[in-house]
Amino acid sequence: MTTKIVIIDDHQLFREGVKRILEFEHSFTVVAEGDDGSDAVRLVEEHSPDVVLLDINMKQTNGIEATRQLIEAFPTTKVMILSIHDDEAYVTHALKTGASGYMLKEMDSSELIEAVKRVAEGGSYIHPKVTDKLVNEYRRLANQSNKGRGYQQPEVHVPLHLLTSRECEVLQLLADGKSNRGIGDALFISEKTVKNHVSNILQKMNVNDRTQAVITAIKNGWVEVR
C-alpha cells in the first residue's frame, strides 16, 4: 500500500531534499507541500495523508501549534516533527501536543525512511540523540525527587526473565543513545537484525517506542545509566 505524505517546511531547498529522499521509497508518495503551519489543516483535509512532516520553526504558525490544530481537527492524524532542536523541552512539548515522532534535521536518509514507516504503521519514532537527552532529563527529575538523599543508580539486574541475552545487550545500547546503525556496529550485526531485536523488545516490554523502553529499563534497574 502507498503511504501518502504531506511536507510542511518554510525552507524550500530542505523540503525538496526531504521529498527526493522519501520518493526513493516506492511505497511513499508526497501528495502536497506547504511552507507554513497554517497550511496544515487545509492540506490534510484536501489530501487525507497518512503522515504529515512538520518543521517546528515557521514564521506564522509553528509546528507545535500546527500539530495541536491537526490533532483537534483530525484526531487520527500522524504527525512527525522535523527540528534542529535536540532540547528535551521541545521534544516533550511536541509529544504532549500529539506528535507521533520527532526527528532532527541532521538525520540521514535511512533514518528518515525508517521513521516515516514506523509512524505510518501507528508507532512512534524519536531520534536516538533525543532519546539520550530524554534519559538525562529523567535522571535530573529523579535526582530532584531524591534531593537530600542523592540519586543512586539502582543495582542492575539484567532482565533475562523477559528478554534474550542479545535483546538485553540491545536494550543497554538503546539506553546509551545509539542508533540502529550504532547498535549494529557495536554488536557486529545488520541494521535489519537490530530492527527485529528492537521490535521484539518493545513487544515484550509492552511499550510503544524506544524512549519508553529505555525509561522503563532505567526505572527497573535493567540497564546501566552511563
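Points to keep in mind about this one:
- Mean separation of Cα contacts under 8 Å (6+ apart) over length of the range 165-220, as relative contact order %: 35
- The angle between the Cα long axis of helix 165-175 and the main principal axis of the chain comes to about 60°, on a 0 to 90 degree scale.
- Taking the chain and dividing mean pair separation by its residue count, relative contact order in percent (alpha carbons under 8 Å, at least six apart): 14
- Solvent-accessible area per residue in the chain equals 51 Å², computed with a 1.4 angstrom probe and all protein chains kept.
- Average projection area in nm² (convex hull over Cα atoms of the range 165-220, one quarter of hull surface): 3.4
- Surface composition of the range 33-122: carbon plus sulfur atoms hold 44% of the accessible area, using a 1.4 angstrom probe and ignoring ligands, DNA and RNA.
- Largest GNM mean-square fluctuation among VAL91, VAL130, VAL158, using the chain with Cα springs under 10 Å: VAL158.
- Charge dipole magnitude, Cβ of K and R +1, D and E -1 - the chain, Cα centre, debye nearest 20: 880
- Where Cα atoms sit under 15 Å apart: lysine pairs in the range 3-129 separated by 8 or more or lying on different chains: 8
- Remark: spin-label model distance ALA73-LYS96 equals 2.4 nm, labels positioned 7 Å along the Cα→Cβ axis.
- Surface share of carbon and sulfur [accessible, 1.4 angstrom probe, percent] for the range 165-220: 42
- Rg ratio for the chain: its Cα radius of gyration over 2.2 N^0.38 Å, N being its residue count, equals 1.06.
- Among ILE201, ILE81, ILE21: highest mean-square fluctuation, GNM of the chain, C-alpha pairs under 10 Å: ILE21
- The GNM of the chain, with springs linking C-alpha atoms under 10 angstrom apart, assigns the highest mean-square fluctuation among LEU22, LEU13, LEU104 to LEU13.
The values are calculated or read from the model by the stated rules, or taken from the named source; none is laboratory data. These figures come from a predicted structure and were not determined experimentally. For neighbour counting, all protein chains shown are included, and Cβ atoms are generated from backbone atoms with ideal geometry for every residue, glycine included. To get the accessible areas, we keep the full protein, side chains included, count just its heavy atoms, and leave off ligands, DNA and RNA. Shrake-Rupley method; radii C 1.70, N 1.55, O 1.52, S 1.80 Å.
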